[in-house]
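K.L.:
Please see the structure below; I have some questions.
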Amino acid sequence: MQRKCIILGLAILILGLAILIFGLIGCSSNNNHASKETQEAAADDSRETVTEKEEVSNDADQKAEEPEGNKADVKSQDADEELKEDMTDEKTLEADIETGTGEAETNGEEQEDAAFLSPTSTEYDIEKVEKHGEWAEISAEYPVFGTEEADKAIEMEAKKHFEEFETEFEENEKLLAEISYEGGESLYFWEPTVTDDYISFMFGHVMDFGGPHPYTYQYPFNYDLKNQRELSIQDFVKNESRLSNLGDLIYNKLENEGPELDMLEEATQPEWDNFQRFILMEDSIIFHYEHYELGPYAYGVFDVEVTFDELNEL
């Protein structure tokens, strides 16, 4: 009986060892299988990474190659556009030359358009003559319209005043040096009115020699473009009777504007010299009265407009 128990215990022990051994073998197999799967997954990842790098590298190569092709395409497009623009410009230039509005070329040099579109163009250049001393300065500015006879007359008028400034230049230089004051005389002009019939503007003369205020005086310039001569009030008012009516009209227009009425009455007497300071607009005449003519300096200057219709009704 005791012997049977010993044999049974050994059998159980052997069975347990067998189970243990088989269990160990199964775990080892599972571990190997998992390790193999892990290695295969890692290999797949590695292959995917390499593929992605290759794709990125290929994209980079393509992008690196694209600019050269694009640049060539852009240059080609730009060249085509420039050629089209040049052809358009040439056609436009030919059309302009045929119509007389464009620029022509002679002996390889461009000839600029005339500075002025017509004798009645409102465009003009400005000429200036001047002289400078240590204390005194004189100058004269005048417009140039591109109309030969009118420009000559304007230049002569401006330089006449400048020459008058020059005769007193040395004396004024000494005077200004004594009081250490920089001053002088200048001639400028108002904005001109230009029509098919006339050019009209006012020269302005300013003198500044250190007094309480500069002294100003206006000189009208009215030029008949058709007859090539300067205009006067006699070209618009034909007799003294109408001149008297003009004086009454101006008096009535100005009497409520603040002048000294006795001075206004004297300035509007029917004498030709009383009405020579005027400029022409497109449909009217503006008569100008200087400082001191209709009152003290503080009263300022006076301008009164008379339309051509009103002149015709005098």
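Throughout, read-outs are computed from the coordinates displayed, never taken from laboratory work. As the structure is a computational prediction, the values presented were derived from the model and not from experiment.
K.L.:
Over segment 207-312, what is the relative contact order in percent, taking alpha-carbon pairs closer than 8 angstrom and at least six residues apart?
P.N.:
For segment 207-312, the relative contact order is 23 percent.
K.L.:
Does segment 192-303 come out rounded, prolate or oblate by the C-alpha gyration tensor, with a ≥ b ≥ c the root eigenvalues, rounded set by a/c under 1.5 and, if not, prolate when a/b is larger than b/c and oblate if not?
P.N.:
Oblate is the answer for segment 192-303, as a/c is 1.5 or above yet b/c matches or exceeds a/b.
K.L.:
Once amide H atoms are built 1.01 Å from N in the peptide plane, which residues 5 or more positions from Glu137, or in another chain, come under 5 Å H to H?
P.N.:
Residues meeting the amide H criterion: Gly183, Gly184, Glu185.
K.L.:
Decide, for segment 163-221, between rounded, prolate and oblate: order the square roots of the alpha carbon gyration tensor eigenvalues as a ≥ b ≥ c, take rounded if a/c falls under 1.5, and otherwise choose prolate if a/b is larger than b/c, else oblate.
P.N.:
Verdict is prolate for segment 163-221.
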